[in-house]
Amino acid sequence: MLRFLTSGESHGKCLVAILEGMVAGLSIEEASINAELARRQEGYGRGGRMTIEKDQAEILSGVRWKKSIGGPIALMIPNKDFKINELPVVKKPRPGHADLVGAIKYGRADVRDILERASARETTARVAAGAVCKQFLKEFGIDVTSHVVCIGGVWAATENLNYETTKKLSLHSPMHCADKKAEKKMMARVDEARKSKDTIGGIFEVLVKGVPVGLGSFVHYDRRLSAQLCAALMSIQAVKGVEIGMGFKVSENLGKDVHDEIFHDKKKGFYRKTNHAGGFEGGVTNGEVIVLRAATKPYSTLMSPMQSVHIDTKERQLATVERSDVTAVPACGVVGEAMAAFEIAKSMLEKFGGDSLIETKRNFDHYQKQVDVF
Ligand SMILES: Cc1cc2nc3c(=O)[nH]c(=O)nc-3n(C[C@H](O)[C@H](O)[C@H](O)COP(=O)(O)O)c2cc1C
């Protein structure tokens, strides 16, 4: 089974990801991991940290002569801002962060012990592991992208764009947004929030193209790939809601306007003209583009801090202020891509098995032939 763990603190020495269960024979280069890490650092609205760091991964193990060898793949990203032992003690937990619950749960007198690990700097390691998964998916013609559809209530009009156009237009946007007009308004919204010493959230969309029919299963709750993907996105710090396809809007529409009619053509096989289901029926992929959306809350580190309580004296005091982003929804999208790539790579390996890329590809090709003649 494919799995990964991360280790490291926000201002610790480094972040580490260990990806276990990846097939042997996959080309893995630091450059393609670094390209993803650079995308995670982008986005209008970031704080000072992103100007300090220039994330670069070092492959520590599991790869020889630029090919995976079947063992665990360890990736390390050093922190330039390594100063965990020089930072001040934190006693005033921020509402909305893991600060207070973490300090109570782990019995820590210094909230820094909590916030250093709860920080979303951890997502650097997720993106590194996800970059390897993306490389694996590429071998099967599967591509993953993301874009921002809403920031602080400003919506992009991107519903009618196809996968390629969305990817192209959002790739070089400072807001990772495929709608130029909305992008400007979103940036103005970020400026307003910064000026008022506040933060804003938003919604990002993850799209996955080229997924075969039949990943996941309806036979058990824990085999629904749609549910696994939702859990993976919900695990991203600050994400508070996830939708697939038409999402919550299904509840407002008639059945005939929700379901995607089925067509068949000799060349294409079975296909749909709409994709309200977002690529899933019965928790199983139906071959259409997977469409996932996730909403992130406004971050809890406010430059104009909210009320809190000193954990020792129990006096009312304002919460601690740490360096912080006004918003990081574009980066959250890149993390979402990594999580989706991991879940889909795991599902591909569950279905097709194999210890080497050649073996997995052989099994995949046989299955595709079976699908083609259905
Ligand atoms: C890419 C990314 C960047 C983030 N940057 C910040 C930040 O600068 N300041 C902040 O307070 N929270 C930030 N967060 C969110 C916090 O990490 C998160 O709210 C916190 O860990 C509590 O978890 P919860 O919101 O899921 O309950 C960021 C999240 C992500 C995914």
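Condition check ((1) farther than 18 Å from V334 by Cβ; (2) among the aromatic types (F, W, Y)) across all residues:
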{"residue": "R39", "(1), (2)": "no, no"}
{"residue": "Y44", "(1), (2)": "no, yes"}
{"residue": "V63", "(1), (2)": "yes, no"}
{"residue": "A74", "(1), (2)": "yes, no"}
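The residue pairs whose first member lies in the stretch 6-19 and is at pLDDT 95 or above, whose second member is of a type in the set (D, E, K, R) and not in a strand (DSSP E or B), and whose beta carbons are closer than 6 Å, counting only pairs six or more residues apart or on different chains, are T6/E122; E9/E116; E9/R117; S10/E116; S10/R121; H11/D81; H11/K83.
The set of residues in the stretch 298-332 that are under 22 Å from T51 (Cβ atoms), of a type outside the set (G, A, S) and either more than 14 Å from the ligand (Cβ to nearest atom) or not in a loop (DSSP other than H, G, I, E, B) (or both) comprises V329, P330, C332.
Restricting attention to the stretch 113-122, does a residue exist that is in contact with a strand residue (DSSP E or B) (Cβ under 6 Å, 6 or more places away or on another chain) and either within 14 Å of the ligand (Cβ to nearest atom) or not polar (S, T, N, Q) (or both)? Looking for residues that are in contact with a strand residue (DSSP E or B) (Cβ under 6 Å, 6 or more places away or on another chain) and either within 14 Å of the ligand (Cβ to nearest atom) or not polar (S, T, N, Q) (or both), one finds at least one in the stretch 113-122, hence yes. For the stretch 188-232, filtering for residues that are assigned to a loop (DSSP other than H, G, I, E, B), under 12 Å from G152 (Cα atoms) and basic (K, R) leaves 0.
A count restricted to the stretch 152-184 and to residues that are at pLDDT 95 or above, more than 24 Å from D325 (Cα to Cα) and not in a helix (DSSP H, G or I) stands at 4. The numbered conditions (1) within 22 Å of S217 (Cβ to Cβ); (2) modelled with pLDDT of 95 or more are all true for G269 except (2). Is one or more of the residues making up the stretch 182-199 hydroxyl-bearing (S, T, Y), away from the ligand (no atom under 16 Å from the Cβ) and within 25 Å of L37 (Cα to Cα)? No: zero hits. No other residue among K297, K267, K249, K273 is surrounded by 13 or more Cβ atoms within 10 Å (Cβ to Cβ) and among the basic types (K, R) apart from K297. Of all residues in the stretch 104-128, those satisfying the criterion of being in a loop (DSSP other than H, G, I, E, B) and under 13 Å from I311 (Cβ atoms) are G107, R108, A109, D110, V111.
Of the residues making up the stretch 237-260, those that are over 13 Å from A277 (Cβ atoms), away from the ligand (no atom under 16 Å from the Cβ) and of a type outside the set (A, V, I, L, M, F, W, C) are S251, E252, K256. Cβ-Cβ distances below 9 Å connect the following pairs, each with a first residue in the stretch 241-266 that is in contact (Cβ under 8 Å) with a residue 24 or more places away in the chain, a second residue that is loosely packed, with under 10 Cβ neighbours inside 10 Å, and a separation of six or more residues or different chains: G241/F248; D260/K273.
The single condition among (1) within 25 Å of P330 (Cα to Cα); (2) crowded, with 20+ Cβ neighbours inside 10 Å that P95 does not meet is (2).
Take G287 and tell me if it is touching a residue at least 40 places away in the same chain (Cβ under 8 Å), part of a loop (DSSP other than H, G, I, E, B) and under 30 Å from G62 (Cα atoms). No, not satisfied. Report whether or not R194 is surrounded by 15 or more Cβ atoms within 10 Å (Cβ to Cβ) and out of contact with any strand residue (DSSP E or B) (no Cβ under 9 Å at 6 or more places or on another chain). So R194 fits the description; yes. Note on the stretch 28-68: among residues that are within 16 Å of the ligand (Cβ to nearest atom) and under 12 Å from A128 (Cα atoms), the one that is nearest to the chain's Cα centre (by Cα) is R40.
The values are calculated or read from the model by the stated rules, or taken from the named source; none is laboratory data. Model, not experiment: these values are computed from the prediction. Because the Cβ atoms are built from the backbone with ideal geometry, glycine has one as well, and the counts that use them run over all protein chains shown.
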